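Okay, so here's the structure we're looking at.
The values are calculated or read from the model by the stated rules, or taken from the named source; none is laboratory data. Since we're looking at a predicted model, the values are computed, not measured. Positions of Cβ are backbone-derived with ideal geometry, glycine not excepted, and every protein chain shown enters the neighbour counts.
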Amino acid sequence: MLRLIIALLSGSFFGAGLFISGMTDTAKVQGWLDVFGNWDPTLAFVMGGAMIPIGLAWALSRRHVTALTGQPLPPPPSREIDTKLILGSVLFGIGWGLVGLCPGPAIASLTYGGPGLYIFVAAMLGGMLMAPAARRQLDRAVPAE
C-alpha cells in the first residue's frame, strides 16, 4: 500500500511540475530546441531544477540498499557511452524535436492535447511494444563494445 501511495504522490508532483513548468507546451519545448532561431532558454531552468533532486536521490541511495517500501534499489546505470546509447539518444531527440514532447509530458497532456497528441501517444506505445524485438535485433547487429 505504501508503494502505491508513494507512486501516486510522485506521479502527481511530476505531472504538476511538467504542467507548471510548461513542459506540456510543445511550442515551449520546440523553442528550446530552436537554437539557431527564436531560442527559448527557460527550459534550462526546468532541466537544472530536475537535476537537484535526482542528484540528492543518487547521493542518498549510495548509503541504502532498499527503498522506503523495502524493495531493493536498482544498481546505478552504466556510464558507458556506446553505439546503442548514441542511437537511442538520436532517435529520442528526433521524436522530441519533431513533436515537442517526450513520454512524461505526452501522458500528462492526454486530457487536453487533441487528436495529434493521441496519435503521438499511440505511436509511442507502439514503439514501446516493438522495443524488445528491436533491442534483440540491435544486440545481434551491434556487439558489445
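Yes or no, residue by residue, for (1) small (Gly, Ala, Ser); (2) at pLDDT 85 or above; (3) more than 16 Å from the chain's Cα centre (by Cα):
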position	(1), (2), (3)
36	no, yes, yes
41	no, yes, yes
74	no, no, yes
77	no, no, no
92	no, yes, no
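Conditions tested, residue by residue: (1) basic (Lys, Arg); (2) surrounded by fewer than 10 Cβ atoms within 10 Å (Cβ to Cβ).
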{"site": "63", "(1), (2)": "yes, yes"}
{"site": "83", "(1), (2)": "no, no"}
{"site": "93", "(1), (2)": "no, no"}
{"site": "99", "(1), (2)": "no, no"}
{"site": "106", "(1), (2)": "no, no"}
{"site": "118", "(1), (2)": "no, no"}
{"site": "132", "(1), (2)": "no, yes"}
{"site": "137", "(1), (2)": "no, no"}
Item to check | Those residues of region 59-72 which are without any contact (Cβ under 8 Å) to a residue 24 or more places away in the chain, out of contact with any strand residue (DSSP E or B) (no Cβ under 8 Å at 6 or more places or on another chain) and under 19 Å from residue 3 (Cα atoms), in sequence order | outcome: 60, 61, 64, 67, 70
Checklist entry - How many residues, within region 14-36, are touching an Asp or Glu at 6+ places or on another chain (Cβ under 7 Å) and within 17 Å of residue 113 (Cβ to Cβ)? => result 1
Checklist entry - With 73, 8, 2, 43 as the choices, which residue is of a type in the set (A, V, I, L, M), under 17 Å from residue 100 (Cβ atoms) and surrounded by 10 or more Cβ atoms within 10 Å (Cβ to Cβ)? => result 43
Next on the checklist: So, residue 114, is that one surrounded by 10 or more Cβ atoms within 10 Å (Cβ to Cβ) and either over 20 Å from residue 11 (Cα atoms) or modelled with pLDDT of 85 or more (or both) or not?
Outcome noted: no
